[in-house]
Amino acid sequence: VHALGIEKSVLLHGELANPLLPMMAADALLLTSTLEGAPTVVYEARANNLQVVSTNHPGAIEIAAHLGGCRFHSLSQAPAVWADSLAMAISEESSEAKLLSQRETFARSEFNVTVGAEAIAQLWRSA
């Protein structure tokens, strides 16, 4: 960050006990991880109406199918592709109505704890 002269624009926090406060001040989420079971940070970002630019991680892709607001790339793609995607994510506005619709879709999805628990209970009842 320092070598690129972008320390006034990029802040690398490292691990935080409560990442929601800096996330609420962010313009977008850049997720370059490839080893996530279920990338919870994508849920958190979308709940805060942040656009997400992520690796083409299966968990993030599944979340985006329900919540939208995500762009995906391979780590092998050029940094310029990632930078352009991040710039587009930052410039895209998401209306409150769109976010509410996405949240309602999420609430009915298998990611919802109640929906998931009911599906598991149904399996046990049918066994």
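When shorter helices are ignored and each DSSP H run of at least 4 residues is given -39500 (n - 2.57), the per-residue value for the chain at 222 nm works out to -15000 deg cm²/dmol. Residues in the chain average 67 Å² of solvent-accessible surface per residue, probe 1.4 Å, ligands and nucleic acids excluded.
Magnitude of the charge dipole for the chain, about its Cα centre and with charges confined to Cβ atoms of Lys, Arg (+1) and Asp, Glu (-1), is about 180 debye.
Of the solvent-accessible surface of the chain, computed with a 1.4 Å probe over protein heavy atoms with every protein chain present, carbon and sulfur atoms account for 61 percent. Amide H contacts under 5 Å for C70: V52, restricted to partners 5 or more places along the chain or on a different chain, H placed in the peptide plane at 1.01 Å from N. The protection proxy used here, the mean number of other Cβ atoms lying within 10 Å of each residue, ranks peptides 59-71, 30-42, 5-17, 75-87 as follows, highest first: 59-71, 30-42, 75-87, 5-17.
Only one of (1) 1.15; (2) 1.21; (3) 1.51 was calculated from the structure for Cα Rg over 2.2 N^0.38 Å, and its label is (2). Think of the chain as having a plus end and a minus end, set by charges on the Cβ of Lys, Arg, Asp and Glu; of T105, A47, S91, T105 sits farthest toward the positive end of this dipole.
The values are calculated or read from the model by the stated rules, or taken from the named source; none is laboratory data. Owing to the predicted nature of the structure, the values given are computational and were not obtained by experimental measurement. When we count neighbours, we look across all protein chains shown, and the Cβ atoms used for this are built from the backbone with ideal geometry, even at glycine. Note: accessible area is taken over every heavy atom of the protein model, side chains too, but ligands, DNA and RNA are not part of it. Shrake-Rupley method; radii C 1.70, N 1.55, O 1.52, S 1.80 Å.
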